[in-house]
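**Student:** Below is a structure I'd like to ask you about.
The values are calculated or read from the model by the stated rules, or taken from the named source; none is laboratory data. This one's a predicted model, so the numbers in the text were calculated from it and none came from an experiment. Here the Cβ is made from the backbone with ideal geometry for all residues, glycine too, and neighbour counts use every protein chain on show.
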Ligand SMILES: NC(=O)c1ccc[n+]([C@@H]2O[C@H](COP(=O)([O-])OP(=O)(O)OC[C@H]3O[C@@H](n4cnc5c(N)ncnc54)[C@H](O)[C@@H]3O)[C@@H](O)[C@H]2O)c1
């Protein structure tokens, strides 16, 4: 098909090869993996042999290949701003991996670049397309949980890592690694209206000098609290999502959602509290007073949002924006807002 977007991947590591290259193969009518470049010749070799694409060793030649329309940047995080600027100035569309930069100042540079090159720059906040995230938003919108006043987001593992992602000077640490995904979710849940931030960073199991256990609590202007825990030092993973609402709760782990909510048809009689003494079995049978029993509904369902998405669904969204001028679901301003939170966390928190 003539209208495919020819892609060059800059950086052929876990993200560049295992995700970008592999995912492009899922959308052959929209994208063609044209070429790539890595400083490691062995990785260039994989690109040629496994994906049949062209490997470059010279950055200028790669960036100036007239056949390449879009550069997908998957180099190390500290290089993202500079590589983005070079790819844009070579006239290419740019798909930029998270984190788009390492600081809010970097974020403002990216914002300025997006204004200098309108419609050319797209942040790869691919977990915005995670099926559980989208299904949970649909459940919240249905109202069955009432007013969701607290959300806990966890990504737990125990990893004795020793690569660059554990070293501060290399842009490592969970704040730059998983932080952009989970903070992005949190800001979505708060409609970007943050009133307060509390945070704590620790180093638990990773071997470098960067944090691998993060706790961030955001309180929204609405009063909703988002409690985030990203950890490479938690041996017993907890649910990825826990929601508490005024009419129910939800947990989600992997593909499983557990819901418990008050029957939507149940309306409680208006009853005033009184300063009386509860019955002796108080609490056992909801009998602190003579209130009607709660009619609970409990369900175990599989994650299946009405509009099915997976994290690689960001590619067709990208295509639609580049080719059909559709609004990209992740704005630059939203990606920059993530860095604003990250900066605040770094300022607030020292760790050892
Ligand atoms: N969105 C996601 O789901 C996701 C997942 C993993 C990683 N990432 C992001 O992708 C980026 C890369 O992470 P990774 O885990 O793939 O790291 P990695 O170390 O596995 O890969 C980086 C690759 O870039 C190459 N490289 C470094 N400097 C280069 C240069 N100047 N020119 C060409 N190649 C160069 C390295 O040799 C390596 O192959 C990070 O910023 C990370 O945050 C995103």
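**Student:** Among the residues of the range 35-54, write down those that are surrounded by fewer than 20 Cβ atoms within 10 Å (Cβ to Cβ) and in a strand (DSSP E or B).
**Tutor:** Within the range 35-54, just 54 meets the criteria.
**Student:** Let me ask something else. Touching a helix residue (DSSP H, G or I) at 6+ places or on another chain (Cβ under 8 Å), within 13 Å of the ligand (Cβ to nearest atom) and assigned to a loop (DSSP other than H, G, I, E, B): which single residue out of 71, 100 fits that description? Full working, then the answer.
**Tutor:** Working: 71 fails: assigned to a loop (DSSP other than H, G, I, E, B).
After ruling out the rest, the residue left standing is 100.
**Student:** Sticking with this structure for a sec: For the range 2-26, give me each residue that is assigned to a loop (DSSP other than H, G, I, E, B) and surrounded by 20 or more Cβ atoms within 10 Å (Cβ to Cβ). Talk me through it step by step, then tell me what you get.
**Tutor:** Step one: of the range 2-26, the residues assigned to a loop (DSSP other than H, G, I, E, B) are 2-4, 11-13, 25-26.
Passing the criteria: 11, 12.
**Student:** If you go through the range 99-122 one residue at a time, do you hit one that is assigned by TED's automatic domain parsing to the domain that holds residue 72 and closer than 26 Å to residue 254 by Cα?
**Tutor:** Taking every residue of the range 99-122 in turn, at least one turns out to be assigned by TED's automatic domain parsing to the domain that holds residue 72 and closer than 26 Å to residue 254 by Cα.
**Student:** Take the range 58-76 and flag every residue that is touching a strand residue (DSSP E or B) at 6+ places or on another chain (Cβ under 8 Å) and under 25 Å from residue 169 (Cβ atoms).
**Tutor:** 59, 73, 74, 75
**Student:** Quickly run through the range 158-182 and pick out the residues that are touching a strand residue (DSSP E or B) at 6+ places or on another chain (Cβ under 7 Å) and within 16 Å of the ligand (Cβ to nearest atom). Talk me through it step by step, then tell me what you get.
**Tutor:** Taking the range 158-182 first, the residues touching a strand residue (DSSP E or B) at 6+ places or on another chain (Cβ under 7 Å) are 158, 174-175, 178-179, 182.
174, 175, 178, 179, 182 - these are the residues of the range 158-182 that are touching a strand residue (DSSP E or B) at 6+ places or on another chain (Cβ under 7 Å) and within 16 Å of the ligand (Cβ to nearest atom).
**Student:** What pairs come up if the first residue lies in the range 49-72 and is at negative phi, the second is loosely packed, with under 11 Cβ neighbours inside 10 Å and in a helix (DSSP H, G or I), and their beta carbons are under 9 Å apart, counting only those six or more places apart or on different chains?
**Tutor:** 55/41; 57/41
**Student:** Could you tell me which numbered condition residue 125 fails, if it satisfies all but one of (1) in contact with a helix residue (DSSP H, G or I) (Cβ under 8 Å, 6 or more places away or on another chain); (2) within 13 Å of the ligand (Cβ to nearest atom); (3) over 30 Å from residue 241 (Cβ atoms)?
**Tutor:** Here residue 125 meets the rest and fails (3).
**Student:** Further question: Within the range 155-181, how many residues turn out to be under 14 Å from residue 212 (Cβ atoms) and either crowded, with 22+ Cβ neighbours inside 10 Å or under 17 Å from the mean Cα position of the chain (by Cα) (or both)?
**Tutor:** 13
**Student:** Identify the single condition in (1) within 10 Å of the ligand (Cβ to nearest atom); (2) in contact with a strand residue (DSSP E or B) (Cβ under 7 Å, 6 or more places away or on another chain) that residue 43 does not satisfy, given that it satisfies every other one.
**Tutor:** Unmet for residue 43, out of (1) within 10 Å of the ligand (Cβ to nearest atom); (2) in contact with a strand residue (DSSP E or B) (Cβ under 7 Å, 6 or more places away or on another chain): (2).
**Student:** Please count how many residues of the range 111-135 are touching a strand residue (DSSP E or B) at 6+ places or on another chain (Cβ under 6 Å) and within 16 Å of residue 186 (Cβ to Cβ).
**Tutor:** Qualifying residue count, the range 111-135: 1.
**Student:** Of all the residues that make up the range 80-93, how many are assigned to a helix (DSSP H, G or I) and either touching a strand residue (DSSP E or B) at 6+ places or on another chain (Cβ under 8 Å) or buried (at least 24 other Cβ atoms within 10 Å of the Cβ) (or both)?
**Tutor:** Of all residues in the range 80-93, those assigned to a helix (DSSP H, G or I) come to 80-89.
Still in the list and also either touching a strand residue (DSSP E or B) at 6+ places or on another chain (Cβ under 8 Å) or buried (at least 24 other Cβ atoms within 10 Å of the Cβ) (or both): 80, 83-84, 87-88.
So the count comes out to 5.
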